[in-house]
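Reviewing the structure listed below.
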Amino acid sequence: MRKVCLDLGHWGKRRRPLDRGAVYRDKVEAYEVVPIMLECAKALEREGYLAYLLTYGEYEERNKFANEIDADLYLAFHLNSAERPGKYGLILYDKRGCFSGFFAEVLKDEFERILPWKFKVKGIDKGDRGFVQIKFTEMPALILEPYFLNSEDQAKYFDKEDFAIALVAGVNKSFRELGV
């Protein structure tokens, strides 16, 4: 049975429960991401995956846990926030190998089928934005930022159930095409 780790970005980092990420009006990134992660976990488990929700500890601790259980995929969840929100989603992937770029491209295609905006896919290395969150992983690792927290339009069109279905479709397709 394949194992997928779903990491709640921010919350739990440095053992501070108040590290909640971006805040926009009454929306807090960590609180907005949890229901998305839960929906993705349910969808993955319906497809026969073991889904692990990682919500506490340093990034290194979460990454090492994923390594210890021999996870097949690591997905870190965030929501973008910017002074002027963009009109895209973002998928960052670990350029060290492990087929991460392939997963990113397949997920991009699946997300663009259900959401009315494009996704940027960007490989990251040591020192790049976000790399600290996945740098200790030994499996394909991606950071998913499906929409801008402070974009009312994107929040209005984002449906966590549809997103979870698209995520599972992309994960299934990636594993099938890679033959791993």
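So which residue, out of LYS126, LYS156, LYS42, gets the largest mean-square fluctuation from a GNM of the chain using Cα contacts under 10 Å as springs?
Looking only at LYS126, LYS156, LYS42, the biggest GNM fluctuation is shown by LYS156.
Give me the net charge of LEU115's neighbourhood, meaning all other residues with Cβ under 10 Å from the Cβ of LEU115; Lys, Arg count +1, Asp, Glu -1.
Values: positive: ARG113, LYS118; negative: GLU110, GLU112, ASP159, ASP162.
Neighbourhood net charge equals -2.
How much length is gained if the chain between GLU105 and LEU38 is pulled fully straight, taking 0.36 nm per residue apart and subtracting their Cα-Cα distance, in nm to one decimal?
Values: separation 67, 0.36 × 67 = 24.12 nm, distance 2.29 nm.
Once the chain is fully extended between GLU105 and LEU38, it gains 21.8 nm.
Can you tell me how much longer the chain between LEU53 and ARG113 gets when fully stretched, taken as 0.36 nm per residue apart minus their C-alpha distance, in nm with one decimal? Intermediate values should be presented prior to the final figure.
Working: separation 60, 0.36 × 60 = 21.60 nm, distance 2.59 nm.
Full extension of this stretch gives 19.0 nm more.
Would you mind computing the Rg to Rh ratio of the range 3-178 from its alpha-carbon coordinates, Kirkwood style for Rh?
Details: Rg = 14.8 Å, Rh = 15.9 Å.
Reported Rg/Rh, Kirkwood definition of Rh: 0.93.
Binning every alpha carbon pair distance of the range 89-180 at 5 Å from zero, what are the percents per bin?
3, 14, 24, 23, 18, 13, 5, 1
Just ALA155, ALA51, ALA166 to compare: in a GNM of the chain, with alpha carbon springs under 10 Å, which one fluctuates most?
ALA155
With +1 on the Cβ of every Lys and Arg and -1 on the Cβ of every Asp and Glu, and nothing else charged, how large is the dipole of the range 1-137 about its Cα centre, in debye rounded to the nearest 20? Show your work: numbers first, answer last.
Details: 25 positive and 22 negative charges, 87 e Å.
Computed charge dipole of the range 1-137: roughly 420 debye.
Give the residue list of GluC sites (Glu not before Pro) in the range 1-100 that are DSSP loop and have at most 10 other beta-carbon atoms within 10 angstrom.
Values: sites: GLU29, GLU32, GLU39, GLU45, GLU47, GLU58, GLU60, GLU61, GLU68, GLU83; in loops: GLU47, GLU58, GLU83.
Hits after loop and neighbour filter: GLU83.
Of all DSSP beta bridges located in the chain, what percent are antiparallel, nearest 5?
Numbers: 6 of 28 bridges.
Close to 20 percent.
Within 10 Å of each residue's Cβ, count the other Cβ atoms and sort PHE77, PHE131 from fewest upward.
Details: PHE77 24, PHE131 19.
With the fewest neighbours first, PHE77, PHE131 line up as PHE131, PHE77.
Using only Cα atoms, locate the centre of the range 91-167 and the centre of the range 23-81, then give the distance between them in Å, rounded to an integer.
Answer, in whole Å: 12.
Any read-out appearing in this document is the output of simple, stated calculations on the displayed coordinates, not a laboratory observation. Keep in mind that what you see is a predicted model, and the values were worked out from it rather than measured. No Cβ is skipped: glycine too gets one built from the backbone with ideal geometry, and neighbour counts run over all protein chains shown.
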